[in-house]
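Before any comments, here is the structure.
Taken together, the values in this text are just the output of simple stated rules run on the coordinates, not laboratory data. This one's a predicted model, so the numbers in the text were calculated from it and none came from an experiment. No Cβ is skipped: glycine too gets one built from the backbone with ideal geometry, and neighbour counts run over all protein chains shown.
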Amino acid sequence: MIEIKLFRRTTKFLIWTTLIVLQIACNSNEINITKPLIIPIPSSQIITEGHFVINNSTGIKYDSDFEIAANFLITFIEKGSSILINESESTQNIVFIKDETIQNIEGYSLEITPSNIEIKAKLHQGAFYAVQSLRQLLPASFENGTFKEKEVAIQCLKIEDKPQFKYRGMHLDVGRHLFPVDFIKKYIDAIAMLKMNTFHWHLTEDQGWRIEIKKYPKLQEVAAYRNKTLIGHYSDQPHQFDGKRYGGFYTQEQIKDIVTYAQERQVTIIPEIELPGHSRSAIAAYPELGCTGEQIGVATKWGIFEDIYCPKETTFTFLEDVLDEVMALFPGKYIHIGGDEAPKTRWKNCNHCQQLIKKEGLKDEHELQSYFISRIEKYINSKGKQIIGWDEILEGGLAPNATVMSWARYEWCYRGCKTASRCYFNARFSLLF
């Protein structure tokens with residue numbers, strides 16, 4: 001008898017417990033709260049009780065200092081859902097507040113309470129990154145415009161955040177594989193959401209030249225296209241090709257549009273114009289830029305090619321003209337000049353190169369590369385910009401004001417840093433992984 005009563009009581013307890021759990025689950029689904037999982041993890045995040053509801057009654061208050069961030073948030077909410085931000089007075093507001101006590105220009109605080117959301121920042125960069133954190137607190141369906149509910153609830157919390165690193169970037173090579181403008185913008189959106197502030201855009205390669213240069217139309221007509229593309233892996237023998245002409249380029253108007261798009265998302269674009277190596281496509285368009293003067297084709301497979309820019313006056317004139325047009329399009333401080341994987345075979349067998357080595361008192365072809373990089377650097381410096389190069393620019397000696405980006409062997413950067421007595425903190429040398 002006791003066992004039966006105990007069983008009944010246990011059964012009632014389990015039933016009521018199950019009903020309570022189901023009720024909590026139903027309520028959670030009803031208010032649609034996304035669990036805070038912000039990337040990168042904020043410096044400080046404290047979860048508090050309650051939630052803030054965004055619906056058609058929600059207003060956004062801001063002044064001109066935070067217009068970019070506020071407009072981004074309004075557009076994101078309205079494009080991502082059927083919710084429309086209330087432009088009149090509201091008791092449920094998202095408020096942007098200027099806070100001079102925040103020292104880091106990209107730092108911010110984000111406090112969500114049941115009655116309002118407060119975003120505090122010193123400058124617009126911090127406000128924008130606060131919005132990116134708020135963006136990540138919304139359901140993923142906002143990203144593709146499929147959120148259909150009339151309101152959405154956000155977990156109450158308090159975040160204080162600032163970046164650990166000044167340079168936070170991603171690289172995209174469009175020389176080997178071309179991506180359309182819409183994809184480039186989506187790429188910028190993705191890195192902005194993750195609070196990255198730099199887009200390293202690799203625009204020229206052996207396999208294709210992707211930026212319009214008005215002074216040299218053959219870069220669009222010839223260098224931008226290859227006749228076919230390798231199928232499968234490079235080590236597969238014999239090599240197989242698809243037989244299809246492939247390529248294209250970004251017009252200067254398209255690039256201006258992308259640069260503006262990036263600026264609105266606090267992303268600086270660093271263009272990469274490869275030299276002296278990875279220049280086969282340009283030499284295919286203008287054979288006089290190479291050491292042999294012979295006609296070659298745009299590369300149709302991957303790897304490293306012996307045809308590189310010859311350090312002649314005509315070559316430097318060409319590169320300076322190209323860089324003039326490039327620098328006019330990109331307002332950032334840096335121009336990436338590559339400098340990696342430049343075989344010296346052509347230079348060793350070139351009378352002009354050997355005479356130049358003697359004339360300039362250089363030791364060998366490696367120092368000739370340093371001479372090449374230094375000359376380009378001086379020109380770029382004269383225009384108020386600085387260069388970044390891959391770690392091979394350390395061969396033959398580091399150019400005076402170069403920043404080194406390591407892709408191959410970090411010990412090269414360590415050697416360069418010791419030799420040049422530079423470090424990341426004075427913006428002369430950076431080791432980026």
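Brief remarks on what is shown
- Result for the chain in a Gaussian network model with C-alpha springs under 10 Å: among Ile357, Ile388, Ile231, the largest mean-square fluctuation is at Ile231.
- Between Asp182 and Ser382, full extension at 0.36 nm per residue minus the direct alpha carbon distance yields a gain of 68.6 nm.
- Applying a threshold of 21 Å to the alpha-carbon distances of Lys79/Lys256; Lys120/Lys158; Lys333/Lys383; Lys120/Lys162; Lys122/Lys333 flags Lys79/Lys256; Lys122/Lys333 as lying beyond it.
- Couplings for the stretch 376-383, taken from phi via the Karplus curve 6.51 cos²θ - 1.76 cosθ + 1.60 with θ = phi - 60°, read 5, 4, 4, 5, 5, 4, 5, 9 Hz in order; Gly and Pro are left as x.
- Residues whose amide H lies under 5 Å from that of Ile211, counting only those 5 or more places away or on a different chain, are Tyr250; hydrogens are built 1.01 Å from N in the peptide plane.
- Principal-axis tilt of helix 313-329 within the chain, Cα atoms, nearest 10 degrees: 20 degrees
- Taking amide H positions as modeled 1.01 Å from N, with prolines and chain starts lacking one, the residues under 5 Å from Ile308 and 5 or more places away or on another chain are Cys291.
- Computed [θ] at 222 nm, deg cm²/dmol, the chain (DSSP H ≥ 4; -39,500 (n - 2.57); rounded to nearest 500): -11000 deg cm²/dmol
- All alpha carbon pair distances within the chain were sorted into 10 Å bins beginning at 0; the resulting P(r) in whole percents reads 4, 18, 23, 19, 15, 11, 5, 3, 1, 1, 0.
- Extension gain, Ser90 to Arg245: 0.36 nm times the residue separation minus the Cα-Cα distance gives 50.0 nm.
- Given charges at beta-carbon only (K, R positive; D, E negative), |dipole| of the stretch 36-161 in Debye: 260 debye
- Calculated from backbone phi, Karplus (6.51, -1.76, 1.60) coupling profile of the stretch 66-76 in Hz, x at Gly/Pro: 10, 4, 4, 5, 5, 5, 4, 5, 4, 4, 4
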